[in-house]
Amino acid sequence: MDCVQLGDIVVHYRLRRAAAGAQTVVFINSLGTDFRIWDDVVAALDGDLGILLYDKRGHGLSSIGSTPYRIADHADDLVSLLAALGITEAVICGLSVGGQIAQQVYFDRPDLVAGLVLCDTAARIGDADFWNNRIDAISRNGIESVTDGVMERWFSAGFRNSGKPEYQIARAMFERQPVAGYLATCAAIAGFDRRADTASIAVPVSVLVGAEDGATPPDLVADFVRQIQASQFEIIEGAGHLPCIEAPAQVTAAIAALVGRVEQGRMRDVAS
């Protein structure tokens, strides 16, 4: 089991080193999940690529640390993890709050970011009232009290009603996340708003959203992506908030295309 002490937390991660000259792709999971949500995507990516998966603080097997959190705390964790592993640059792929963490890392340390794959995310998600109500409901009644509503936002109706075992596993993953870490990350999302900075993103970006996403609907994500110059945008039909589970092939293809854009840009830079 791979883990490392980073300040006040222990972070659980899995690393496959990149082949010589190949990119490393870092995956950041969403609220209420762990890095297993990326399993089908990672399995289909080019074997030369480096792969870093990790459980952000308060999720999966990583420890909770001091609460509440800011998105900046999550970003600092990733910067420290990259330093501990000797990774000096990566394509960062983040889903939902993971996409916000990826944005924050770019704003803080653009030298670390070769490109961004931002899935089902935005510069602001929801408002303080929404997140405070979520925190209050779980504090009073437990995380299971919001499971059905969360699943409706996460997955398309077809997937929820399909009888697939993956859906039951996703429910179990959500309900078994550390509640303190979940609530602290809700507070972090409530406090995150980088809308004024979105247009300054200057690396290649691919933005994805599920057509049936109930947490970050396509219209919200489309407004976000319009502010980013070097971006490509794809709506994934038949998927909700976690297309890495419902439509992993499309997510894999988008990551591969983004890595290709990064590499082509470098070749042009060398040639010039």
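The values are calculated or read from the model by the stated rules, or taken from the named source; none is laboratory data. It should be emphasised that the depicted structure is a prediction, and the values quoted were computed from it without experimental measurement. Positions of Cβ are generated from backbone atoms using ideal geometry, with glycine treated the same way; all protein chains shown enter the neighbour counts.
Odds and ends about this structure:
- Qualifying residue in segment 194-217 (condition: out of contact with any Ser or Thr (no Cβ under 7 Å at 6 or more places or on another chain), touching a residue at least 40 places away in the same chain (Cβ under 8 Å), under 21 Å from SER145 (Cβ atoms) and assigned to a helix (DSSP H, G or I)): no
- Test: residue in segment 231-246 that is of a type in the set (Ser, Thr, Tyr) and more than 28 Å from ALA170 (Cβ to Cβ): yes
- Filter result for ILE125 (under 19 Å from the mean Cα position of the chain (by Cα) and either part of a loop (DSSP other than H, G, I, E, B) or over 24 Å from TYR69 (Cβ atoms) (or both)): yes
- The criterion of being of a type in the set (Lys, Arg) and in contact with a helix residue (DSSP H, G or I) (Cβ under 6 Å, 6 or more places away or on another chain) holds for ARG134.
- When residues in segment 108-125 are screened for being in contact with a helix residue (DSSP H, G or I) (Cβ under 8 Å, 6 or more places away or on another chain) and surrounded by fewer than 18 Cβ atoms within 10 Å (Cβ to Cβ), 2 of them pass.
- Considering residues of segment 196-224 that are charged (D, E, K, R) and surrounded by fewer than 19 Cβ atoms within 10 Å (Cβ to Cβ) only, the residue farthest from PHE107 (Cα to Cα): ASP219
- Across segment 9-40, the number of residues qualifying as more than 13 Å from the chain's Cα centre (by Cα) and either at pLDDT 95 or above or of a type in the set (Ser, Thr, Tyr) (or both) comes to 17.
- Here segment 115-150 is the region considered, the condition is being touching a residue at least 40 places away in the same chain (Cβ under 8 Å) and of a type in the set (D, E, K, R), and the residue that is farthest from PHE224 (Cα to Cα) is ARG134.
- The sole residue among GLY142, GLY214 that is within 26 Å of GLN250 (Cβ to Cβ) and at pLDDT 95 or above is GLY214.
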